[in-house]
Amino acid sequence: MHGYVPPIADYRFLLGEVLGFASEMAEIGDETDLDLALAVLEEGGRFCADRLLPLNREGDEQGSKLIDGEVRTPMGFADAYRAFVDGGWATLAADPEHGGQGLPFILQLWFDEMISSTNLSFGLFPGLTRGAAEAIAAHASDELKSNWLPPLVSGEWTGAMALTESGAGTDLALIKAKAEPQVDGSFAVSGTKVFISSGDHDFGGNIVHLVLARLPDAPPGVKGISLFLVPKFLPDGDGGFTVRNAMSVGALEKKMGIHAQPTCVMNYDGATGWLVGKPHRGLAAMFTMMNAERLMVGMQGLGIAGAAYQRASAYAKERLQGRSADGAREPVAIIEHADVRKMLLGVRAFVEGGRALAGWTALQLGRAYRHPDAVERAKADSFVALLTPVVKAAFTDLGFEGAVQAQQVFGGHGYIREWGMEQFVRDARIAQIYEGTNGVQAMDLVSRKLAMADGAVVAGFFQLVAGDLAMAAPTLEGQRIAAATQDALALLEETTAALRGASVDAAGAAATDYLRLFALVSLGWMWTRMAAAASGDDAVHSAKRAVAAFFAERMLPQANALAAGIAAGEAAILLLPADAF
Ligand SMILES: Cc1cc2nc3c(=O)[nH]c(=O)nc-3n(C[C@H](O)[C@H](O)[C@H](O)COP(=O)(O)OP(=O)(O)OC[C@H]3O[C@@H](n4cnc5c(N)ncnc54)[C@H](O)[C@@H]3O)c2cc1C
């Protein structure tokens, strides 16, 4: 099976029975009802399955190419992009003030999941465009907004994010690109950026790069970085954009996965750009883009794992190898073997729990923007800030691990190209690295997010989780998952208290384990809520209860090992001197 079935039944269950979609919409004054939400998801899923999936394998094999300085994307990508824009898929949740449809963000995030399941390389084009539009909307002058925002929001033009230089990756304080003020108020931007996704393409239209660079009077470090809007084509004075800017693609990166996606080395040779936001405040402006991207990147991990699960579970029901447990039948479908079932359940428990958690986070984002009560807006905003590194890092780590497990279900057939499983593994890997490595996300959680409002935000989140656990369903599985999550929450609370005021080394040594522990509790919370809603006898409800039991008994106990590792502290990590490595 090489197809993809959009998870509409799961979206229906989550919206209708778990996440309280209708009441959330009523609270924020949004008229989107369940039928409309599902219709959008169904139609979006059809687009992904019919238009994006068929290009995924070919795109991987052809790859993007650089020919005479111009990027050529694989066959079919440009047409699919046009169809995407014409179908209105670029504008789903965008602000109607700038030409968007203003639909709930949860639909966008779940649409991102389906895009990632079917064609991760493609998804980066609209994903980065959305991020660029959001940063411009939030920080640019009205003049820049009116000139550049509408075609970006509609998707007619695309966006790219140009932070990284060969000497400045995680540490953006080291950025060297320069911007010289010009007499007409514009800037001449010079420097070389590496790893720039969607830096160029052949879809037509303009490409708007948001570039971090330093002004001549910039103070050193991150407080001296400014953000510039640098387009591929400049206005020609006749209402068109036909004048080539002084920027070019130096090379395409040769890489492990997402071959269809053009990852560019970009040279800016005195390219004309305009300042977005205030001088030296570029990093703050860029964070608007990065935060939006981080949730999307989390969905890349989830989407790939979801698609890989679908293929692996179908394969496991057909592949005949070995004997039944009682020895009476052979060969049997490998789905009968406990170890194969365990691999598949691990992936599914993450995917369905993650889908629910992403949905909850997206509803909080809706509240943060649109709730009539300012206190509620602030509370929701802080929950989104807390959960963003968790969604980005845990979903991409678990997504990669899920892709590998699903590949394992195929045995050797997963390692050869035929079934597409090795592409999932290669494509999923990048999501752990870009948009801030997962290690950096974990440190953001431990160092900055736990300290928000002097610990009150994380305490509020734990309180919310504990409240839901107390209302768990009376079913056996409902009780099991609630009790196991409660145990893990107790460990997380203890660990959180112990990390308060931790030294840099102690926080760094704990961070990735802490983030995983946080994710396990958050997923356990979602499984408790799902199990509570799934009290019926139908297939969806029965399956939810069974997977909840698996999450409780086979995944949540990992919390103990994580907490023990964190409690051991940094000593053993610091023992070996650097030159002895
Ligand atoms: C395919 C691809 C697409 C990309 N797309 C874009 C894009 O569109 N735009 C863009 O600007 N960039 C893009 N990037 C760049 C990407 O975001 C960076 O690669 C990433 O942020 C890490 O930077 P680095 O590669 O320089 O690694 P480094 O910063 O050198 O990090 C190396 C290792 O050290 C760790 N580390 C670094 N600093 C610390 C610290 N202070 N504390 C603890 N650990 C630390 C990291 O976690 C990592 O494990 C892309 C990269 C790739 C490969």
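Here is how the numbers come out for the structure above:
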quantity	calculated
Rounded tilt (10° steps) of 456-470 against the dominant C-alpha axis of the chain	30
Pair-distance profile P(r), taking every C-alpha pair of region 309-352, with 5 angstrom steps and integer %	5, 25, 30, 20, 12, 6, 2
Protection proxy ranking of 517-523, 326-332, 302-308, 25-31 - average other beta-carbon atoms within 10 Å, highest first	302-308, 517-523, 25-31, 326-332
Rounded percent of accessible protein surface that carbon and sulfur make up, region 437-581, 1.4 Å probe	59
Long-range HN-HN contacts of Ile225 with modeled amide H, under 5 Å	Gly282, Leu283
Reduced Cα scattering model of region 189-348, Debye log10 I(q)/I(0), q = 0.12, 0.14, 0.15, 0.18 Å⁻¹	-0.71, -0.84, -0.91, -1.16
Which of Thr272, Gln300, Leu283, positive extreme of dipole for region 271-336 (C-beta unit charges)	Thr272
Cα-centred dipole magnitude for the chain, charges only on beta-carbon of K, R (+1) and D, E (-1), debye, nearest 20	960
Theoretical ellipticity at 222 nm over the chain - DSSP helices of four or more residues, -39500 (n - 2.57) apiece, nearest 500	-18000 deg cm²/dmol
Note, ³J(HN,Hα) from phi for region 508-518, Karplus 6.51, -1.76, 1.60, rounded to Hz, x at Gly and Pro	x, 5, 8, 3, 5, 5, 5, 4, 5, 4, 4
Potential lengthening between Phe287 and Ala456 on full extension [0.36 nm per residue; Cα-Cα distance subtracted]	58.5 nm
Longest to shortest principal axis, alpha-carbon extents of region 326-466, angstrom	63, 33, 26
Cut-off under 5 Å, modelled amide H: who pairs with His201 long-range	Val71
Per residue accessible area of the chain, 1.4 Å probe, in Å²	40
Asp95-Asp238 FRET efficiency (beta carbon distance; Förster radius 35 Å; 0.05 resolution)	0.75
Efficiency of FRET between Val375 and Glu330 - r from beta-carbon atoms, R0 45 angstrom, step 0.05	0.10
Point-charge dipole on Cβ atoms (K/R +1, D/E -1) for region 1-91, about Cα centre, debye to 20	480
Under 26 Å from Lys342, Cα to Cα: lysines that are on another chain or at least 8 residues apart	Lys317, Lys392, Lys544
The chain: angle of helix 105-118 to the longest principal axis, Cα-based, in degrees nearest 10	80
Mean separation of Cα contacts under 8 Å (6+ apart) over length of region 1-151, as relative contact order %	21
Among Val457, Val521, Ile115 - extreme Cα towards positive end, dipole of the chain, charges at beta-carbon	Val521
Degrees between helix 120-139 axis and first principal axis of the chain (Cα, 0 to 90, nearest 10)	60
Nearest-20 debye value, region 441-581 charge dipole, Cβ charges on Lys, Arg, Asp, Glu	260
Cα-based convex hull, region 352-413, per residue volume (Å³, whole number)	68
Where only C-alpha atoms are counted, convex hull volume of region 182-276 per residue in Å³	111
Per principal axis, descending, Cα span of region 46-153 in whole Å	43, 36, 19
Computed over the chain: relative contact order in percent, which uses C-alpha pairs under 8 Å that are six or more apart	13
Leading residue at positive end of dipole, the chain (Cβ point charges), from Gln408, Gly169, Pro220	Gln408
Convex hull per residue volume in Å³, alpha carbons only, for region 464-509	71
Cut-off under 5 Å, modelled amide H: who pairs with His209 long-range	Ala160, Val230, Lys232
Calculated from backbone phi, Karplus (6.51, -1.76, 1.60) coupling profile of region 15-21 in Hz, x at Gly/Pro	5, x, 10, 10, 8, x, 4
For region 48-59, 3J(HN,Hα) per residue [Karplus equation, 6.51 cos²θ - 1.76 cosθ + 1.60, θ = phi - 60°, Hz, x = Gly/Pro]	5, 5, 7, 9, 8, 4, x, 8, 5, 5, 4, x
Of the trypsin sites (Lys or Arg not before Pro) in region 470-569, those whose Cβ has at most 11 other Cβ within 10 Å and which sit in DSSP loop	Arg500
Percent antiparallel among DSSP beta bridges (both partners in the chain, rounded to 5)	85
The chain: proportion of alpha-carbon pairs further apart than 38 angstrom, %	30
Ranked packing of 165-178, 377-390, most packed first, by mean Cβ within 10 Å	377-390, 165-178
Percent breakdown of C-alpha pair distances by 5 Å bin, ordered from the shortest bin, for region 423-581	1, 9, 16, 16, 16, 15, 12, 8, 3, 1, 1, 0, 0
Carbon/sulfur fraction of accessible area - region 1-157, other protein chains in place, 1.4 Å, %	51
Centre separation in Å (Cα based) which lies between region 5-84 and region 371-434	16
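The values are calculated or read from the model by the stated rules, or taken from the named source; none is laboratory data. Keep in mind that this is a model prediction, so the values were computed, not measured. A quick note on method: Cβ atoms are made from the backbone with ideal geometry, for glycine too, and the neighbour counts reach across all protein chains shown. Each accessible area value is taken on the protein alone, full model and side chains, heavy atoms only, with ligands, DNA and RNA left out. Shrake-Rupley method; radii C 1.70, N 1.55, O 1.52, S 1.80 Å.
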